[in-house]
Amino acid sequence: MKTMNAPTDDIYRVAPDGSMQLAGHAVSDLLEKFGSPLIVMIEDLIRQNCRAYRQKFDDYPESRIYYASKAFLTTGFCRLIEQEGLGLDVASAGELATALAAGFNPENIIMHGNAKTLQDLRLALESGIGRIVIDNSAEIESLNDLAGLLDCRPRVLIRVTPGIKPSTHEYVQTGQVDSKFGFNLEGGAAAEAVKRVVAKSNLKLVGLHCHIGSQIFALKPFQVAARTMLEFYARACNDLGAQFSELNMGGGLGINYTPGDHPPAIGDHVAGLSRAVLAAAREFGIAPPILCDEPGRSIVGRAGVTLYTVQSTKKIEGIRNYASVDGGMTDNPRYALYQAKHQVVAAKRLNEPVDTVWSISGRCCESGDMLARDVDLPNLKAGDILAVLSTGAYTYSMASNYNRVARPAVVLATPGMVELLARRETDQDLNRLDQIPTWLAQIGKP
Ligand SMILES: Cc1ncc(COP(=O)(O)O)c(C=O)c1O
């Protein structure tokens, strides 16, 4: 029998009565004040991660970090990111509008997307966005035309697919040859794109971008990708007429979701990456580019904890024990999408032995609505509080209203203070887009 239910990570404190504390706040106080389920973002850890990226990059001649807002984004969160001196990576007009609503300096925003609409591009140009990453052939034309129409000359990067295949879940590999993103190096599409963009009078080509995948634990693939990109960067400058100054390596560092995960520290990753870029710049005889990165998960992933209340339990003798909670795939679709693992603990019983194996199911009418399978916990009962750890990235930002389940509140917690980043949705919120066609306006039978 395993002895303890407590998380081993020192970012989660355990009070003498066995209750979890997040940034010094007891989970029961948080739930009493904000309701269940609740996503708690630990501010200190987010700031620490931002600084780890920036400090190590300080060893490199010039660098920029853009936080990948797809991981988690609210207006308040934009303020925190800007305070930490990071730029923002957005992938839609919606993410951009959120940043603008927060007052984020558009000059420090970079826009991505493999299917940017004219609405996305128009908002980007009209807001004076710092950079746009061109992802495909059609976009070269549409962006050049729109820039001409709006009388501006945006700085652009070209997204290159360098053909690196890091070992991670296949759904989050994006740098390999078979990818919907970017121009492949192999076959010459990337070189062709450089030539075409250089020839466009309304586009200012400043650099190259790649993103080789997400939740990557090995440092080598980033370093191999950096060398591959620098080789092409040098060729584009020497032979294809480009005048680059920036290389964006696109984030992707992994985090620990369970005690068995051992990702590299942020500092080791950025030190290794900057060394690899410097070495490759020397090898290919070019000045070191402005080195940019776009981390998302490694900034916010571990800083998030979702608190749920167990609503019911079901034990199927010899098969499985289910504990169903008041949230699930609607606030965290990661298990449903990728069978992703999270550590789960009974947040008020951390001193108790873990003697039962539980699968944690969500509340939706969908068998695939699970949060975790076969985790060791104490013998659970309705009313117990579960904490699912490392839920800061790609959970709330991927949330849905399936079954018209309201999205939970999100709070930012720091010692002595806790406030909302997003309030809980209400029934009115859930109905806000609905319209009743005129011929159905009458209540009851016609
Ligand atoms: C273009 C781009 N940049 C940055 C990221 C952030 O990746 P991560 O959250 O793994 O750091 C992603 C994630 O999919 C991405 O597609």
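The values are calculated or read from the model by the stated rules, or taken from the named source; none is laboratory data. Computed from a predicted model, the values in this text were never measured in an experiment. So basically every Cβ, Gly included, is an ideal-geometry build from the backbone, and we count neighbours across all protein chains shown.
When residues in region 51-77 are screened for being away from the ligand (no atom under 12 Å from the Cβ), touching a strand residue (DSSP E or B) at 6+ places or on another chain (Cβ under 7 Å) and either of a type in the set (D, E, K, R) or part of a helix (DSSP H, G or I) (or both), 6 of them pass.
In the set (1) crowded, with 22+ Cβ neighbours inside 10 Å; (2) closer than 30 Å to residue 330 by Cβ; (3) within 16 Å of the ligand (Cβ to nearest atom), the condition left unmet by residue 270 is number (2). Mind checking which pairs have a first residue in region 120-136 that is touching a residue at least 40 places away in the same chain (Cβ under 8 Å) and assigned by TED's automatic domain parsing to the domain that holds residue 151 and a second that is acidic (Asp, Glu) and within 16 Å of the ligand (Cβ to nearest atom), Cβ under 9 Å, 6 or more apart or different chains? These pairs meet every condition: 131/246; 133/89.
Of all residues in region 148-167, those that are more than 17 Å from residue 292 (Cβ to Cβ) and of a type in the set (A, V, I, L, M) have Cβ atoms under 6 Å from Cβ atoms of residues that are within 14 Å of the ligand (Cβ to nearest atom) and not in a strand (DSSP E or B), 6 or more apart or on another chain, in 164/175; 164/212; 164/221; 164/225. Of all residues in region 390-427, those satisfying the criterion of being closer than 17 Å to residue 45 by Cβ and among the polar types (S, T, N, Q) are 390, 391, 395, 414. From the list 201, 142, 214, 179, exactly one residue is small (Gly, Ala, Ser), crowded, with 17+ Cβ neighbours inside 10 Å and in contact with a helix residue (DSSP H, G or I) (Cβ under 8 Å, 6 or more places away or on another chain). Which is it? One residue alone meets the criteria, 214.
The residues in region 375-409 that are basic (Lys, Arg) and in contact with a helix residue (DSSP H, G or I) (Cβ under 9 Å, 6 or more places away or on another chain) can be counted, and the count is 2. The set of residues from region 79-105 being assigned to a helix (DSSP H, G or I), within 16 Å of the ligand (Cβ to nearest atom) and surrounded by 20 or more Cβ atoms within 10 Å (Cβ to Cβ) comprises 81, 95, 96, 99.
Residue 427 falls short on exactly one of the conditions (1) touching a residue at least 24 places away in the same chain (Cβ under 8 Å); (2) over 26 Å from the mean Cα position of the chain (by Cα), and that condition is (1).
The set of residues from region 198-215 being in contact with a strand residue (DSSP E or B) (Cβ under 6 Å, 6 or more places away or on another chain) and within 15 Å of the ligand (Cβ to nearest atom) comprises 207, 208, 209, 210.
The number of residues in region 27-72 that are among the β-branched types (Val, Ile, Thr) and more than 22 Å from residue 98 (Cα to Cα) comes to 1. Where strands (runs of 3 or more DSSP E) fall wholly inside region 222-340, the ranges with 1 or more residues that are within 19 Å of residue 208 (Cβ to Cβ) are 246-248, 290-293. All conditions in (1) at pLDDT 95 or above; (2) not in a helix (DSSP H, G or I) hold for residue 166, with the sole exception of (1).
Against the numbered list (1) away from the ligand (no atom under 16 Å from the Cβ); (2) surrounded by 18 or more Cβ atoms within 10 Å (Cβ to Cβ), residue 112 comes up short only at (1). Kindly check whether there is at least one residue in region 290-303 that is more than 16 Å from the ligand (Cβ to nearest atom), touching a Phe, Trp or Tyr at 6+ places or on another chain (Cβ under 7 Å) and of a type outside the set (A, V, I, L, M). Looking through region 290-303, none of the residues is more than 16 Å from the ligand (Cβ to nearest atom), touching a Phe, Trp or Tyr at 6+ places or on another chain (Cβ under 7 Å) and of a type outside the set (A, V, I, L, M). Only residues that are at positive phi and under 28 Å from the mean Cα position of the chain (by Cα) were counted in region 240-288, giving 3.
Scanning region 379-421 for residues being assigned to a helix (DSSP H, G or I) and more than 18 Å from residue 70 (Cα to Cα) gives a total of 3.
No other residue among 332, 321, 248, 256 is farther than 24 Å from residue 161 by Cα and crowded, with 23+ Cβ neighbours inside 10 Å apart from 332.
Of the residues 124, 138, the single one that is aliphatic (A, V, I, L, M), farther than 24 Å from residue 43 by Cβ, within 16 Å of the ligand (Cβ to nearest atom) and outside any strand (DSSP E or B) is 124.
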